[in-house]
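Have a look at the structure below before the remarks.
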Amino acid sequence: MIFFDNVSKIYNHHSVALKNVNLRVNPKEFVFIVGSSGAGKTTLLKLLIREETPTDGKIFLDGIEVTDIGIGEMHKVRRRIGTVFQDYKLLPTKTAYENIAFVMEAAGRADAEIEEDVPEVLELVGLSDKRDNFPHQLSGGEKQRVAIARALVNRPDVILADEATGDLDPINTLEIVKLLQKINELGTTIVLATHNKEIVNSADRRVIVLDKGEIISDKEKGKYLLI
């Protein structure tokens, strides 16, 4: 499904974000991307959604060469990829329901679909009773659940989560990872970039370790290697 073919991203002689990365992620996989700060985790995810372009190499999503698509056509690829970030990126003047509905509206979905799908994803993430709350009325864990629901509502093939638990306490961190695992079991590919050693080592999932922009380890049931 996702294929990085000898991909490098070089900003300048002093900043090599990724170097000769070859990586394949299959449909319905749950993959951790780990490494210290500056290892290249965020750059790797940004390249897949074309927020960055590679210096060398090619990137494919289901056989479509992402690096060869015109900017005007990238929305078609991005609709297949949900994104979740550490800082939630919720709209502060919209309720939980409205934050999720907004991305459906932007994708041109019909009102009837929105009215049916938004309550479903709110129930999936355990926030049916918070649908009318604004972000400032939600805890950090609840905000991240809204962000996950927003990423999920357009039924993407892949969810990219970049340090999605970085600002959460251990209990909320565990709950968010369990939720992502549940979504994965329903058939969505999950790629989670994190520096949280505990959740990686307890998950028994595929772990890809980056160091200075290079993949130094890729194991089906891996552990967080300390560099």
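The values are calculated or read from the model by the stated rules, or taken from the named source; none is laboratory data. Here the structure is a predicted model, which is why all the values come from computation and not from measurement. With ideal geometry, Cβ positions are generated from the backbone for all residues, glycine too; neighbour counts draw on all protein chains shown.
Checking segment 92-103 against the condition returns a match, with at least one residue being assigned to a loop (DSSP other than H, G, I, E, B), buried (at least 17 other Cβ atoms within 10 Å of the Cβ) and not charged (D, E, K, R). Is it the case that G108 is within 20 Å of E120 (Cβ to Cβ), touching a residue at least 60 places away in the same chain (Cβ under 8 Å) and of a type in the set (G, A, S)? Criteria not met by G108. From the list T165, T194, the lone residue that is under 30 Å from S15 (Cβ atoms), within 12 Å of the chain's Cα centre (by Cα) and modelled with pLDDT of 90 or more is T194.
Within this structure, D87 passes the test of being exposed (fewer than 14 other Cβ atoms within 10 Å of the Cβ), modelled with pLDDT under 95 and part of a loop (DSSP other than H, G, I, E, B).
Do we have E65 as of a type outside the set (K, R), surrounded by fewer than 17 Cβ atoms within 10 Å (Cβ to Cβ) and within 14 Å of the chain's Cα centre (by Cα) here? The answer is no for E65. Whether any residue in segment 1-9 is surrounded by 15 or more Cβ atoms within 10 Å (Cβ to Cβ) and closer than 24 Å to K223 by Cβ is what I want to check. Yes, there is a match, as at least one residue in segment 1-9 is surrounded by 15 or more Cβ atoms within 10 Å (Cβ to Cβ) and closer than 24 Å to K223 by Cβ.
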